[in-house]
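Q: Below is one structure. I have some questions about it.
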Protein chains: 2
Amino acid sequence: METVAPFPYRDPSELLRRARLRPTRQRLALARLLFAGGPRHVTAESLFAEAQTANVRLSLATVYNTLHQFTEAGLLREVVVDSSCTYFDTNVSEHHHFFHEDQGVLTDIDGEEVNIHALPAAPEGTKISRVDVIIRLSGQK
Amino acid sequence: METVAPFPYRDPSELLRRARLRPTRQRLALARLLFAGGPRHVTAESLFAEAQTANVRLSLATVYNTLHQFTEAGLLREVVVDSSCTYFDTNVSEHHHFFHEDQGVLTDIDGEEVNIHALPAAPEGTKISRVDVIIRLSGQK
DNA sequence: CGTTTATTTATAATAATTCTAAACTATTGA
DNA sequence: TCAATAGTTTAGAATTATTATAAATAAACG
């Protein structure tokens, strides 16, 4: 599968073509919502609500399907911070996160701002697929 | 609430007394399973299964209640690595984790083995409640 | 003891997510 | 251009981890 980066912003149909996904009305609309502004974080529910507000008619199941397909295509990345729901990040470049626990909101930390100095070797027979750093915050944003 | 550290191993009833939790049969049995050996990681389901094997009669709801009470008392810490289920770690001292994605297994990384060199300041009005580093691994353990 | 208060439990409820299978739509190539 | 094919969407049911409820039980305390 060809690598596709969602930023800088490209035409949604070009994005979908590169990801080998048919440019359906629903996927085009979601790609626009996700990638037209700056990088952002969504949950299935938040994106679904946003689509409804924007008068995009689609089902919640399609939002789930699309988020997963986009993730597989490298357009999104999943961020695990909270066992009660799944977050997706449109910023797929290497970086880490602040998680505002009181609000359930994620924000990006610049790649250079976290510097892991010493990293242990992966155990025999395994390889590192990713390193996630989550800085959990309490208090107002 | 008095701070209670589960290691080195203490008598379960002492642990519970310090945590201001009544020493019921169920809590004593779970404390024994959790803290009698070395540090470990469990899920509610895994601990429930283990209790059944050990012929401890209790309900799954009690396992959930107890895990949360122990976490509040500082005997356990929750580790968020997988949106499909919640892990609890009996090691409450500062350290980070390997997550073996293929097996769904957590292992500890020694505190000194990860060195975060530069940490960004907490945004205005917030404070850092915790920094989690998860090294995700693929392949056999 | 007996009373109060905390705990346990079976069961129902919840909530996020996935599944199913029928209806629909984009693609392909004659 | 159009029919056939293959991929997509969807409503609704199913699943799964977890939490809530409220009645029964057990610990604490005088």
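The values are calculated or read from the model by the stated rules, or taken from the named source; none is laboratory data. Only a predicted model underlies this, so the values are computations on that prediction, with no experimental measurement involved. No Cβ is skipped: glycine too gets one built from the backbone with ideal geometry, and neighbour counts run over all protein chains shown. Keep in mind that these areas ignore ligands, DNA and RNA; they rest on the heavy atoms of the full protein, side chains included. Shrake-Rupley method; radii C 1.70, N 1.55, O 1.52, S 1.80 Å.
Q: Name the chain B residue with the Cβ nearest the axis that maps B onto A: which is it, and what is the distance in angstrom?
A: B:H117, 2
Q: I've got another one for you. Of A:T90, A:S13, A:A44, whose Cα points farthest to the positive end of the dipole of chain A (charges on the beta-carbon: +1 Lys, Arg; -1 Asp, Glu; origin at the Cα centre)?
A: Checking the options against the dipole of chain A, the answer is A:S13.
Q: What 222 nm value per residue comes from the helices of chain B, counting each DSSP H run with n ≥ 4 as -39,500 (n - 2.57) and dividing by all residues, nearest 500 deg cm²/dmol? Walk me through the numbers on the way to the answer.
A: Numbers: 4 runs with 41 residues, N = 141.
It comes out at -8500 deg cm²/dmol, rounded to the nearest 500.
Q: Taking the simple approach of a point 7 Å from Cα along Cα-to-Cβ for both B:E50 and B:R17, what is their distance in nm?
A: The two pseudo-label positions are separated by 2.5 nm.
Q: Next up: Between A:T107 and A:A61, what length in nm is gained on full extension when 0.36 nm per residue of separation is reduced by their alpha carbon distance?
A: Gain in length upon complete extension: 14.0 nm.
Q: Give the share of C-alpha pairs in each 5 angstrom bin for the stretch A:12-79, from 0 to the last occupied bin, in whole percents, shortest bins first.
A: Calculated over all Cα pairs of the stretch A:12-79, the distribution is 3, 18, 33, 28, 16, 2 percent.
Q: Quick one: accessible area per residue over the stretch A:12-79, 1.4 Å probe, rounded to a whole number of Å²? Don't skip to the answer; put the middle values down first.
A: Working: 3460 Å² over 68 residues.
Per residue, the stretch A:12-79 has an accessible area of 51 Å².
Q: Let me ask something else. When Cβ neighbours within 10 Å are restricted to other protein chains, what is their mean count per residue of peptide A:109-122?
A: On the way: counts 2, 1, 0, 2, 4, 7, 5, 8, 5, 6, 6, 8, 1, 5.
Partner Cβ neighbours, averaged per residue: 4.
Q: Only bridges with both residues in chain A count here: give the DSSP antiparallel percent, nearest 5. Write down the numbers at each step before the final one.
A: On the way: 11 of 15 bridges.
Restricted to chain A, the bridges split so that about 75 percent are antiparallel.
Q: Need one number: % antiparallel among DSSP beta bridges in the stretch B:94-137, to the nearest 5.
A: Details: 5 of 9 bridges.
Roughly 55 percent of the beta bridges in the stretch B:94-137 run antiparallel, per DSSP.
Q: To check my understanding: the extent here is largest minus smallest coordinate of the Cα atoms along each principal axis. What are those three numbers for chain A, in Å, largest first?
A: Ordered largest first, chain A gives principal extents of 47, 39, 26 Å.
Q: Then there's this: Please state the charge dipole magnitude for the stretch B:96-140, taken about the Cα centre, from unit charges on C-beta atoms (+1 on K and R, -1 on D and E), reported in debye and rounded to the nearest 20. Before the final figure, lay out each step's value.
A: Values: 3 positive and 8 negative charges, 44 e Å.
Its charge dipole is roughly 220 debye.
Q: Using the Cα centre as the reference, give the magnitude of the dipole from point charges on the C-beta atoms of the protein assembly as shown (Lys, Arg: +1; Asp, Glu: -1; all else neutral), rounded to the nearest 20 debye. Before the final figure, lay out each step's value.
A: Numbers: 30 positive and 36 negative charges, 202 e Å.
The dipole magnitude comes to about 980 debye.
Q: Return the whole-Å distance between the Cα centroid of the stretch B:106-131 and the Cα centroid of the stretch B:1-49.
A: Rounded to whole Å, the Cα centres lie 27 Å apart.
Q: Please report, as a whole percent, how much of the solvent-accessible surface of chain A comes from carbon and sulfur atoms (probe radius 1.4 Å). Display every interim value, and only then the final one.
A: Numbers: 3520 of 7230 Å².
Ligands and nucleic acids excluded, carbon and sulfur reach 49 percent.
Q: In the protein assembly as shown, what is the volume of the convex hull around the alpha carbon atoms, normalised per residue and reported in Å³?
A: On the way: hull volume 46.7 nm³, N = 282.
Convex hull volume per residue, Cα atoms: 166 Å³.
Q: Hey, could you get me the Stokes-Einstein D for the stretch A:4-48, Kirkwood radius over alpha-carbon pairs, 37 °C and 0.692 mPa s, rounded to whole µm² s⁻¹? Working shown, then result.
A: On the way: Rh = 10.9 Å.
Rounded, D is 302 µm²/s.
Q: Counting pairwise Cα distances across the stretch B:91-141, what percent come out greater than 18 angstrom?
A: Numbers: 566 of 1275 pairs.
Pairs farther apart than 18 Å: 44 percent.
Q: Give me the one-decimal nm value for the distance between modelled label points at B:T24 and A:R25, 7 Å along each residue's Cα-to-Cβ direction.
A: Distance between the two pseudo-spin positions: 5.5 nm.
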